[in-house]
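One structure is given below, encoded as structure tokens.
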Amino acid sequence: MNYVTNALTKEELERFHACRDYFIQYGEKYQLDWLMLAAQAYQESRLDQKLRSPAGAIGVMQIKPATAGDPNVGIPNVQKLENNIHAGAKYLRFLIDRYFVSSTIDSLNAGLLAMAAYNAGPAKIQQLREKAKEAGLNPDLWFDNVELIAAREIGRETVQYVSNIYKYYSSYRSLYRYMIETGKTPYKEW
């Protein structure tokens, strides 16, 4: 799906709740915002662990077993929900550390660029960053900079992917703040 959907329906929040503790656990372990990690998983699979892509990606994080098994990740059995989220989080952290840690890139943009790399591949995003720099844009900022080059060079898929994640993240963050501030949950079951 290319366009954003309502991630806060009762059914969607029930799936979110089933995964939440893993997002928190592995978000903390890999120093990732757990709500952003959850938003990425929602974009990838609508939090459906049974989902399989034609390219061989599996589960909530839509990670390929070969990627999960790579020595940089090393998480087996991504058919299991916890391992799937663990592998996706560890791979995202690897992408950030390997390609986007810099004194010129803030943590938000390191995460956004890494998510773009999760979707399009790190080599492609590095090429797009170089083209952004050549075009007089900031290669260290995703929105209104590298994303413009991505749209021109590779089309809308990765641009929409990152944009949707950020929208889901904003929704999750707003709901979470509401729950903290009011002590209320949106549904009795939650």
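Scanning the stretch 55-85 for residues that are of a type outside the set (Asp, Glu), more than 17 Å from ALA120 (Cβ to Cβ) and in contact with a Phe, Trp or Tyr (Cβ under 9 Å, 6 or more places away or on another chain) turns up VAL60, ALA68, ASN72, VAL73, ILE75, LEU81, ASN84, ILE85. Beta carbons closer than 7 Å, at least 6 apart along the sequence or on distinct chains, pair a first residue in the stretch 103-131 that is at negative phi and in a loop (DSSP other than H, G, I, E, B) with a second that is buried (at least 17 other Cβ atoms within 10 Å of the Cβ) and at pLDDT 95 or above for THR104/ASP140; ILE105/ASP140. If the condition is being among the hydrophobic types (A, V, I, L, M, F, W, C) and part of a helix (DSSP H, G or I), then the stretch 29-45 contributes TRP34, LEU35, MET36, LEU37, ALA38, ALA39, ALA41. The residue of the stretch 45-61 that is surrounded by the most Cβ atoms within 10 Å (Cβ to Cβ), among those that are in contact (Cβ under 8 Å) with a residue 24 or more places away in the chain and within 13 Å of the chain's Cα centre (by Cα), is MET61. The single condition among (1) closer than 17 Å to ASP33 by Cβ; (2) touching a Leu at 6+ places or on another chain (Cβ under 9 Å) that ASP144 does not meet is (1). Out of all the residues in the stretch 48-59, is one or more in a helix (DSSP H, G or I) and either modelled with pLDDT of 95 or more or of a type in the set (Ser, Thr, Tyr) (or both)? Looking through the stretch 48-59, none of the residues is in a helix (DSSP H, G or I) and either modelled with pLDDT of 95 or more or of a type in the set (Ser, Thr, Tyr) (or both). For LEU137, the requirement of being of a type in the set (A, V, I, L, M), part of a helix (DSSP H, G or I) and over 18 Å from the mean Cα position of the chain (by Cα) is not met.
One residue stands out in the stretch 95-120 among those that are of a type outside the set (S, T, N, Q) and surrounded by fewer than 14 Cβ atoms within 10 Å (Cβ to Cβ): the one that is nearest to VAL159 (Cα to Cα), namely ASP106.
Take the conditions surrounded by fewer than 20 Cβ atoms within 10 Å (Cβ to Cβ) and modelled with pLDDT under 95 and apply them to ARG20. Does it pass? Yes. Restricting the stretch 70-99 to residues that are of a type in the set (D, E, K, R) and not in a loop (DSSP other than H, G, I, E, B), the residue that is nearest to ILE24 (Cα to Cα) is GLU82.
The values are calculated or read from the model by the stated rules, or taken from the named source; none is laboratory data. Just so it is clear, the model here is predicted, and its values are computed rather than measured. Virtual Cβ from ideal backbone geometry, glycine too; neighbours counted across all protein chains shown.
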